[in-house]
Amino acid sequence: MSVTAAKGFRAAGIAAGIKAGGTPDLALVVNDGPRRAAAGVFTSNRVKAAPVLWSEQVLKGGQVAAVVLNSGGANACTGPEGFQDTHATAEKAADVLGESAAEIAVASTGLIGVRLPMDRLLPGVASAAEALSAHGGEKAAIAIKTTDSVHKTAVHEGDGWTVGGMAKGAGMLAPGLATMLVVLTTDADLPAADLDKALREATRLTFDRVDSDGCMSTNDTVLLLASGAAEVTPGEAEFAEAVRAVCDDLARQLIGDAEGATKDIRIEVIGAASEDDAVEVGRSIARNNLLKCAIHGEDPNWGRVLSAIGTTSAAFEPDRLNVAINDVWVCRNGSVGEDRDLVDMRYREVRVTADLSAGTESAVIWANDLTADYVHENSAYSS
């Protein structure tokens, strides 16, 4: 159920001493081939962590032999020294694996503005290499957790080939990816260009449509590695759907584990004049703190949905807007609809449907409620 579900991959997760308390904090994923094709998508934040800048350059070559991932420190906003630390990490992995540093991707997550303890990280890379196993995917997924309460893995079985993956993320979830590290693997035999196309479309429809708190990370990294070990080349559409399915599964796990959340909110915008309009409206609804508080209190306050829609540039007429909460159309034609007391909001998932009555396009955004626990987790200590 993880990055080692596909043939041709080994992984490890260890405690290198980066985090206080001795919990796992360093993961290594290795592609044993015979192919090394790879693609990557990174944060759109203009402030990028050193590992992102490094890995962006690595991915331009279209090949990745291994990925080193650490929690316990983002290595972001650490200046030239931080970039040197990333370079040293790649060099260390290359040395112990007998590979080129130009094919070693690096990813980090944790507190911004603090240098990594390289005296512990570099020996940890060597220890992780010694612990590599074809069954090490779960340990790798555990090692990349920060405020996550659970580790996150997913798999999709094709006809003789597999796509597997792991992810971390529980806060700073917003379009432009989330505060997440994701490694996807497949044993399908595909070139880097095909991987890139499938990954970008899957990311657009999944990770880019998870919006927990409107905050965008400096470290977001999504990698897709192909070993070719299955000796099968699936059709383009079939493979794209498999990658999308794994990304969708992981994205749902991210929102389900969002910091302090008690509700998962599925926001579907229908009747839009364009997909861009639908996404813009969905994001505005997802980021409306008044609505998020209302949903936490199980209050079907549809007026806050209309207020959020009204802040966008989407095409609509106010007197043609319709809103349903858990399938009860509480707003019809911009006014009072069905009795709001009919809305049952006792369960974890809450569905908000916004009908713009302006076209045929639609989009789905996932969000969560705003709770006192979220405020505590992001104010009581650095994360």
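The values are calculated or read from the model by the stated rules, or taken from the named source; none is laboratory data. These numbers were taken from a predicted model, which means no experiment stands behind them. Here the Cβ positions follow ideal geometry from the backbone for every residue, glycine too, while neighbour counts run over all protein chains shown. Surface areas here come from the heavy atoms of the whole protein model, side chains and all, with no ligands, DNA or RNA. Shrake-Rupley method; radii C 1.70, N 1.55, O 1.52, S 1.80 Å.
Across 23, 43, 218, mean-square fluctuation computed from a Gaussian network of the chain (C-alpha pairs under 10 Å connected) peaks at 23. Per residue, the chain exposes 39 Å² of solvent-accessible protein surface, assessed with a 1.4 angstrom probe and all protein chains in place. Hey, if you drop one equal point scatterer on each alpha-carbon of the stretch 215-291 and run the Debye formula without solvent, what base-10 log of I(q)/I(0) do you get at q = 0.11, 0.12, 0.23, 0.25 Å⁻¹? Taking Cα atoms of the stretch 215-291 as identical point scatterers yields -0.48, -0.57, -1.27, -1.31.
Where does the charge balance sit around residue 218 when Lys and Arg score +1, Asp and Glu -1, over other residues with C-beta under 11 Å from its C-beta?
+1
Note on the chain: percent of Cα-Cα distances in each 10 Å bin, starting at 0 and stopping at the bin with the largest distance, equals 6, 24, 30, 22, 13, 5, 0.
What does the charge count near residue 332 come to, summing +1 for each Lys or Arg and -1 for each Asp or Glu among other residues with Cβ under 11 Å from its Cβ?
-2
Per 10 Å bin, what percent of the C-alpha pairs of the stretch 17-78 does each bin hold, from zero upward? All Cα pairs, binned at 10 Å, distribute as 18, 43, 31, 8 percent. Over the stretch 225-383, the hull volume per residue, using the convex hull of the C-alpha atoms, is 145 Å³.
Under the combined filter of DSSP loop state and at most 13 neighbouring Cβ atoms within 10 Å, the stretch 79-158 retains these trypsin sites (Lys or Arg not before Pro): 115. For residue 197, a cut-off of 30 angstrom between C-alpha atoms picks up these lysines, skipping any fewer than 8 places away in its own chain: 7, 48, 60, 139, 145, 152, 168. Using only the C-alpha atoms, the convex hull of the stretch 67-148 corresponds to 86 Å³ per residue.
Computed 3J(HN,Hα) for the stretch 296-306, one whole-Hz value per residue from the Karplus formula 6.51 cos²θ - 1.76 cosθ + 1.60 where θ = phi - 60°, is 4, x, 6, 10, x, 7, 5, x, 6, 5, 5, glycine and proline marked x. Computed from phi, the 3J(HN,Hα) profile of the stretch 136-141 under the Karplus parametrisation 6.51, -1.76, 1.60 (θ = phi - 60°) reads x, x, 5, 5, 5, 5 Hz, with x in place of Gly and Pro. Surface composition of the stretch 272-363: carbon and sulfur atoms hold 43% of the protein heavy-atom accessible area at a 1.4 Å probe.
Below 8 Å, C-alpha to C-alpha, sequence gap of six or more: please give me the relative contact order for the stretch 228-383 in percent. Present the calculation step by step, with values, prior to reporting the outcome.
Numbers: 283 pairs, mean separation 56.5, N = 156.
Reported as a whole number, the value is 36 percent.
Mind listing which trypsin sites (Lys or Arg not before Pro) in the stretch 14-88 are in a DSSP loop and have 14 or fewer other Cβ atoms within 10 Å?
Hits after loop and neighbour filter: 46, 60.
Using only alpha carbon pairs under 8 Å that are at least six residues apart, calculate the relative contact order of the stretch 153-292 and give it in whole percent. This gives 29 percent for the stretch 153-292.
Loop-located trypsin sites (Lys or Arg not before Pro) in the stretch 296-383 (DSSP state not H, G, I, E or B) with no more than 14 neighbouring Cβ atoms inside 10 Å: 346, 348. Work through the residues other than residue 347 whose Cβ is under 14 Å from its Cβ and net out their charges, Lys, Arg +1 and Asp, Glu -1. Summing Lys and Arg as +1 and Asp and Glu as -1 gives -1. For the chain, the mean residue ellipticity at 222 nm estimated from helices alone is -9500 deg cm²/dmol, where every DSSP H run of n ≥ 4 contributes -39500 (n - 2.57) and the total is divided by all residues, rounded to the nearest 500. Computed in the context of the full set of protein chains, the accessible area of the stretch 41-188 at 1.4 Å probe radius has 51% of its extent on carbon or sulfur.
Loop sites by DSSP among the GluC sites (Glu not before Pro) of the chain, restricted to those with at most 16 other Cβ atoms within 10 angstrom, leave 1-230 as the longest stretch without any of them. For the chain, relative contact order (Cα pairs under 8 Å, six or more residues apart, normalised by length) works out to 18 percent.
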